[in-house]
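Reviewing the structure listed below.
The values are calculated or read from the model by the stated rules, or taken from the named source; none is laboratory data. Keep in mind it's a predicted model, so treat the numbers as computed, not measured. Here the Cβ positions follow ideal geometry from the backbone for every residue, glycine too, while neighbour counts run over all protein chains shown. The accessibility values were calculated without ligands, DNA or RNA, using every heavy atom of the protein model including side chains. Shrake-Rupley method; radii C 1.70, N 1.55, O 1.52, S 1.80 Å.
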Amino acid sequence: MSTMVIDGKPASARSGATLEIHDPATGELVDTVPQAGVEETRQAIDAAHAAFRGWADTPPQKRAQILMKGAGLARQHIDEVASLLTREQGKPLRDSKIEAERFVENIEYYAMLSASGAIRGKHVQLSVPGAFGLVVRRPIGVVGAIIPWNFPLTLLANKIAPALAMGNTVVAKPASTTPLSTIRLVELMNQGGLPPGVLNVVVGPGAVVGQEMIKNPKVRKIGFTGETQTGKQVMAEAASDLKHVTLELGGSDPAIVCDDADIEQASKAIAIGRFFNAGQACLAVKRVFVHEAVFDQVIEKVAARAKRLKVLPGADPSSQMGPMHTAGGRETIEGQLKDALDRGARLLAGGNRLKGEPFDRGYFFEPTVITEVPPDARVWREETFGPLLPIARVKSLDEAIERANDSEFGLGSSVFTRDIKKAQQTIDRLDVGYAWINQVNLVAYDELPFGGTKHSGFGKEHGIEVLDFYTEEKSVVMGGV
Ligand code: NAD
């Protein structure tokens, strides 16, 4: 049985409650973990609170050394962590490995920033003679990191790497279905020499563990990634204690294919962008708008790619797409597909559960492409969190942009065109937080700030801009009258 990590030590739940972690490809029991209640969550918060002053006062170069050592240990265990991630989450082993490597790189990136003196404030000239002002950056305090199940490791790193590098302490809460790889990484980071209490992990329901993290006054910042509905609740509740919040929420990213696009490149990128992680990505391509001049070619190529994808359990080395993570997630996708078909949509690829061996015990669903979907269908309004792709024909770029913006979400987007001016003008008009030209979300760049607009949330992860979200500024005046 895996255990939680509280105050640098393995921890179980006093109630003895446990959670079973099952493999979404086979239904097999992978492991059990203790299920924390309010008591264990408070213990973790208290430990992080007690550790804060010492960690905040540790020189940034020393913090960086410790983080680098933990990252090095994690790198030595990439295969073990990736295997755990595939078994609990379902994604292909190759993708789990990339994700575990991205965790390490993200920790290293912020450790290097910390060591390089990048965590800096400023000197400000003041109007009073003899006085000068400083803006000093200080860590915020205890950070609660609340993480979903779709990319447990990269989304963990996005929070703990900047938080720890800048001198905060952390209580991390993975989703109840994907705690194993997170626990292992937290163990390894602790073995790297983090003082006890600096990085803790507790496992349990959002309604109990997450709520305690949001309401406990010792937690000063919540870094949350998850559904828009949950994010709204988190924000409302964090407001009563005036906590800092970063909210990385749902998305319904549009891809626009112009009449002059490289059709092959666009079709390939769109298929990868939609079906990666079985479509369960915030930044997946979820709506496609194609100029009528190239529409027939694009739908034919995307549908052909969907049909060619090797859907297999993630542990199979030739798997390109694994099962969906939960039965409920698959049912939601089936409901959204049925709604579209009932309204007259045309099915171009997929549309069914996979049957027979090795599929019957898992939550597999075919990569699915539809077109001629009426504008009032659910797939245009809701987030489609699975392998379902609607493609619409548009008459002009203006129409494509208008439809792309007609969404409550504003996370990512992409545009395919050979005309750089057209690309710039399109990107400029899209209400989103991230945009790709002639590609989709294949690499999350550590160097570039990432975050959404509208109901996709606010605040940034990645980039040096994260300094603003994991430190507070204090103004200091010296001299003068
Ligand atoms: P979710 O909102 O159900 O859960 C996310 C986390 O919040 C989990 O750890 C959960 O236990 C916790 N939680 C749930 N209810 C809570 C509550 N009342 N109080 C405190 N914590 C609570 O989301 P999910 O289904 O796990 O994740 C999928 C969603 O995440 C999708 O909408 C996806 O687009 C979004 N997402 C966004 C980004 C991004 O960077 N914008 C990245 C990945 C996923």
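Checking the conditions here, which among ARG330, ARG353 is touching a Phe, Trp or Tyr at 6+ places or on another chain (Cβ under 8 Å), open to solvent by 20 Å² or more (accessible area, probe 1.4 Å) and under 20 Å from THR178 (Cα atoms)?
ARG330
Is it true that GLU465 is within 20 Å of GLU108 (Cβ to Cβ), in a loop (DSSP other than H, G, I, E, B) and either open to solvent by 90 Å² or more (accessible area, probe 1.4 Å) or within 16 Å of the ligand (Cβ to nearest atom) (or both)?
no
For the stretch 373-398, enumerate the residues that are outside any strand (DSSP E or B), open to solvent by less than 60 Å² (accessible area, probe 1.4 Å) and either over 21 Å from GLU292 (Cα atoms) or of a type outside the set (A, V, I, L, M) (or both).
PRO374, TRP380, GLU383, THR384, PHE385, GLY386, PRO387, SER396
Please identify the pairs in which a residue from the stretch 276-293 that is of a type in the set (Asp, Glu) has its Cβ atom under 7 Å from the Cβ atom of a residue that is surrounded by fewer than 24 Cβ atoms within 10 Å (Cβ to Cβ), counting only partners at least 6 apart or on another chain.
GLU292/ARG393; GLU292/VAL394; GLU292/LYS395
Yes/no per residue for (1) surrounded by fewer than 18 Cβ atoms within 10 Å (Cβ to Cβ); (2) outside any helix (DSSP H, G or I):
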{"site": "GLN229", "(1), (2)": "yes, no"}
{"site": "ALA236", "(1), (2)": "yes, no"}
{"site": "LEU242", "(1), (2)": "yes, yes"}
{"site": "LEU247", "(1), (2)": "no, yes"}
{"site": "SER267", "(1), (2)": "no, no"}
{"site": "PHE275", "(1), (2)": "no, no"}
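Just one of (1) open to solvent by 20 Å² or more (accessible area, probe 1.4 Å); (2) assigned to a helix (DSSP H, G or I); (3) more than 16 Å from the ligand (Cβ to nearest atom) trips up PRO195, so point out which.
The failed condition is (2).
When only residues in the stretch 249-265 that are away from the ligand (no atom under 12 Å from the Cβ) and of a type in the set (A, V, I, L, M) count, which is surrounded by the most Cβ atoms within 10 Å (Cβ to Cβ)?
Taking the candidates together, the pick is VAL257.
Only one of these conditions is not met by LYS221: (1) crowded, with 16+ Cβ neighbours inside 10 Å; (2) in a loop (DSSP other than H, G, I, E, B); (3) away from the ligand (no atom under 11 Å from the Cβ). Which number is it?
Here LYS221 clears every test but (2).
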